[in-house]
Structure formats: structure tokens, C-alpha cells
Amino acid sequence: MARRRVPARGRKSIFDPVHGTVVLEGTILDLVGTTAFQRLWGIRQTGFAHLVFPGANHTRLEHSLGTSSVAGRVAERLGLTAEETELARTAALLHDLGHGPFSHTLDGPMQEVLGETHEGRSRALILGTAGDGVIPSLLQKAALNPIRVADLVDPRPGPLRASVLRQILHGAVDADRIDYLQRDAHYTGVAHGAIDAARLLDTMHVARGRLVFAEKGRSAVEGFLVGRALMYSSVYYHKTVRAAEMMAQAALERIPGYPETAREAFDWTDGEWLYRVRASGGVSADLVERLLARHLYKRVQGQRTLLPAPRRAWSRFLAHPVERRRLEDEMAARAHAPAGSVLIDLAGLVPRGDPVADWGEIGLLEDGRVTYPFRQPSVWLLLATRPPSEWAVTVFADARYRSAVERVVARDPSFLP
């Protein structure tokens, strides 16, 4: 009679709709059980995209598990040591701990209120300068240096910045992007993100200390670059998604006592955020009610009249959100609309790094020689680096006042930058 197999302790297998079976064990399993990580169940991966793509209800926790799995597979494929592989998997698991409610939706207010990004908040949780200190304790117990993990999540100048480990998490084609493109495509139903991940992983190599791809993987890399660009334009920068995100941003920015009263808001889950901001009353409550009822603001027509001045004149509002809110309310007043009825979206002006340099770092290995084909002009580079939105500056308005705002902009744009 066959002997019954006893399951290993401290080891669990879960089924992931994108990657199949994902094994959690040891330190990874311990970290998954922490309060900081479990909070990610309550953070939607794609912000308010579910208002356009109803299936997009997946969370940062799922994405973090998937990124960790991909990072481990990449490290093993590249022949890294067991210690390096564990470091890559752990950093990938923890890379999104610092996200605020609705993921990237509140990145602007987070920078204004806290003076840091979600990567910086993740670093603080990993080092124990924020949170309950459980995460660094678990890392040290597993002989993992919290500083090394934090430096992979939130890279700082130094030797690690250019390492293969760093490229696994922060490269043009990295574990983070490989997971979220597939995951977001799966849950939104948009086919653009259906990249050939198996081919990408199968053709990865290390050459001269850099992560590169075999020549036979070129088509998979090209598909990845184009797929990412199309997901930005069709999902992440969809005009209705942006309208909802701007309403959420405005709801937080207009709570009584902002910015001081908003410091704790970035520790909440999506549900907590909606409940507490709605309870603050006033314009904020009205905006949350509209989000919950899907009564969204509409894009003001005649957008081209908004850019008679150089882009840099508008770009200054990125660094001075108080001035941007003042202009929003001036536009509303001129249209005889209440404050908060007009919102200015500057997402088209936000630097997303240098995409040409980003793609230009992708190397292809052929006959022992590394080439960088994406540094040269090509149809692939044009598609990969095209702006995600047609509009650099977009104005959204309460539907009841949109026509009035359009008349104001068309009749007297002199008050604009």
C-alpha cells in the first residue's frame, strides 16, 4: 500500500489565472501574512478602470504575488544564486506596499502631502521606519538585509542600481511589467497586453552584467513594447478612467483642512477612503457620491484652445498644485458653476522617464555580440514612445456646466497660462 504523503509545513500553492500555480513558502509565505501586505487586498490594481472595464477588480495583492513569481522565474532562468533569487522574489513581493487607495490615482496628492512616492513609502515599511516593524524583523530572521531589499524596491545611486537584480524589477522589460500587462489585459478584456511572456523568459540572458534577450526573442520584445504603449492609451489613459481619477483626486484635495488632514488617507484601503472622504462633507462628499453612482465629469470640448501658451507654462502647475486648483475654481466661477465643478488633468505632461532611453537599453544577443536595435528610429520605437493621450492638458467639468465652461474657454482664454 502506498504511503500517504504529508504536506510540507510552511508551504502553500495557490492558483493564479495569469501564471497558473504559484508556490508560497518560507519567508515569502510569512510576509504574505503581514498586515501591511494583506492591506493590498483592498487596493484595486487599475484604480477606477472598473468603471469602464467592469472586470477590472483585481488587486495589488494579486499583482504582487504574480510579480514575485515572475521575478523568481527570471532569476532562475538567468542562473542567479539561491540567495539572489530569494532577494529578487522578496523585493518583487514587497514592491507595492506603499501604494495609496486606488493605486496611482492619488500619486499627485501623495507627493504634495507627504513629499514622497509610493516607492518611498514601500522603503519605509521594509526598513521599519513606518508600520509595525514586522516586515524587517521577518527579513532579518531569514538572513535578508532589509536595506538590500529596500534598494531593489526603491533604487538609490550605487552599484546595485545597475545590477542584474535591479534590472529584474526596474528594467524596460521587467517582472513588474510582465505581470501587470498580462493581468490587466486579462481582467479588462483588452487584448493589447497579451504579451508572449513565455518567449520573453525563455530568451533572457546575462551578457556583460546586463539582462539581454536572444535574437530569436526579438519579436516577443517588440510585441511587449507595443502592447505596453497600447494598454496606456486604451486603458490607463482612457478619458473616462481619467475623469474618475481626477474626481477622486479633487475629492481628497478639497477635504476640510487639506493637506494636513489628508496625511492618513494614503494608509487606507479603497473602501475606507470612499467612506471617510464622503463623511468629510462638502464638495468632497458630492464627488464621492458621483463616483459611486458613476455620474462622471465630461471632457470639455475644444481642447486645442487650452494650449496657446508653451507646454512649460502648464507644466508649472505640476509643481504647484495650489495654483492649479485656483485656476480650476476661476474657470468654474467664470462659468457660474460651484467650486470643484471644473478639474484640470495634467497627466499628459507628467514625465514618464525617457522612453527612448528606456527602450534603448534593451539589448539583443547574437553570435556573442550585444546590439541595441531600439536606439535607432523604427516603427516599433514610434509606437512604443507615442504619447498615451491625444491631449497634453484636459479639462473635465460637471456635465451640468460643461457647455458653460466650453463657452468661457472659447470666448476668453486670456486668463489661461
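The values are calculated or read from the model by the stated rules, or taken from the named source; none is laboratory data. Note that the structure is a prediction, hence the values are computed from the model and not measured. Methodologically, a virtual Cβ is constructed for each residue, glycine included, from the backbone with ideal geometry; neighbour enumeration extends over all protein chains shown.
A few comments on the model shown:
- Considering the conditions (1) crowded, with 21+ Cβ neighbours inside 10 Å; (2) among the aliphatic types (A, V, I, L, M); (3) under 29 Å from residue 367 (Cβ atoms), residue 214 is excluded by exactly one of them, (1).
- Test: residue in region 37-59 that is farther than 30 Å from residue 346 by Cα, crowded, with 19+ Cβ neighbours inside 10 Å and over 18 Å from the mean Cα position of the chain (by Cα): no
- Residue check for residue 98: in a helix (DSSP H, G or I), buried (at least 23 other Cβ atoms within 10 Å of the Cβ) and of a type outside the set (A, V, I, L, M): no
- Pick from region 275-301, criterion part of a loop (DSSP other than H, G, I, E, B) and more than 24 Å from the chain's Cα centre (by Cα), ranking: modelled with the lowest pLDDT: 301
- Cross-chain or 6+ apart pairs with Cβ under 7 Å, region 107-129 first and outside any helix (DSSP H, G or I), then among the hydroxyl-bearing types (Ser, Thr, Tyr): none
- Residue 100 vs. criteria under 25 Å from residue 236 (Cα atoms) and either under 14 Å from the mean Cα position of the chain (by Cα) or among the aromatic types (Phe, Trp, Tyr) (or both): yes
- No other residue among 211, 181 is in contact with a helix residue (DSSP H, G or I) (Cβ under 9 Å, 6 or more places away or on another chain) and farther than 19 Å from residue 84 by Cβ apart from 181.
- Complete set of residues in region 388-417 that are surrounded by 21 or more Cβ atoms within 10 Å (Cβ to Cβ), among the hydroxyl-bearing types (Ser, Thr, Tyr) and part of a helix (DSSP H, G or I): 401
- Looking across region 187-198, the residues that are over 19 Å from residue 164 (Cα atoms) and touching a helix residue (DSSP H, G or I) at 6+ places or on another chain (Cβ under 8 Å) come down to 188, 190, 191, 192, 193, 194, 195, 196.
- From 150, 143, residue being small (Gly, Ala, Ser), at pLDDT 95 or above and not in a helix (DSSP H, G or I): 143
- Any hit, region 258-274, residues being of a type in the set (Gly, Ala, Ser) and free of Cβ contacts under 8 Å to residues at least 60 places away in the same chain: no
Residue-by-condition table, conditions (1) of a type in the set (Lys, Arg); (2) modelled with pLDDT under 95; (3) closer than 20 Å to residue 176 by Cβ:
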{"residue": "11", "(1), (2), (3)": "yes, yes, no"}
{"residue": "29", "(1), (2), (3)": "no, no, no"}
{"residue": "45", "(1), (2), (3)": "no, no, yes"}
{"residue": "48", "(1), (2), (3)": "no, no, no"}
{"residue": "53", "(1), (2), (3)": "no, no, no"}
{"residue": "58", "(1), (2), (3)": "no, no, yes"}
{"residue": "66", "(1), (2), (3)": "no, no, yes"}
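- Condition met for residue 312 (modelled with pLDDT under 95 and either closer than 14 Å to residue 396 by Cα or of a type outside the set (S, T, N, Q) (or both)): yes
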